[in-house]
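The values are calculated or read from the model by the stated rules, or taken from the named source; none is laboratory data. Bear in mind that the values here come from a model prediction, so they are computed numbers and not experimental data. All Cβ positions, glycine included, derive from the backbone under ideal geometry; neighbour counts span all protein chains shown.
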Amino acid sequence: FAGESMFHHQRDASKVALVGLVDILSADGVDRLLDVQWTTDHLRSLGAIDVPRNDYIGRLSV
């Protein structure tokens, strides 16, 4: 999955939506990849990590 949060009606609503999406994607315990495009301090505070290219491509092929 890819996350894009440039549009919102309320300030910071995209942050709440991202947390909700992570909850939905992790609810069944299946390991999934959520690509947030670039890692910011805020996304790191939510658990985002940088993934080396080879690892990323490997995860996509699973």
Condition first: at pLDDT 85 or above and surrounded by 11 or more Cβ atoms within 10 Å (Cβ to Cβ). Now tell me which residues in region 45-54 satisfy that. ALA48, VAL51
Among the residues of region 17-50, count how many are hydrophobic (A, V, I, L, M, F, W, C) and more than 12 Å from the chain's Cα centre (by Cα). 2
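Matching residues to (1) in a helix (DSSP H, G or I); (2) polar (S, T, N, Q); (3) loosely packed, with under 10 Cβ neighbours inside 10 Å; (4) modelled with pLDDT of 90 or more:
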residue: MET6; (1), (2), (3), (4): no, no, yes, no
residue: ARG11; (1), (2), (3), (4): no, no, yes, no
residue: SER14; (1), (2), (3), (4): yes, yes, no, no
residue: ALA17; (1), (2), (3), (4): yes, no, no, no
residue: ASP31; (1), (2), (3), (4): no, no, yes, no
residue: TRP38; (1), (2), (3), (4): no, no, yes, no
residue: LEU43; (1), (2), (3), (4): yes, no, no, no
residue: TYR56; (1), (2), (3), (4): yes, no, no, yes
residue: VAL62; (1), (2), (3), (4): no, no, yes, no
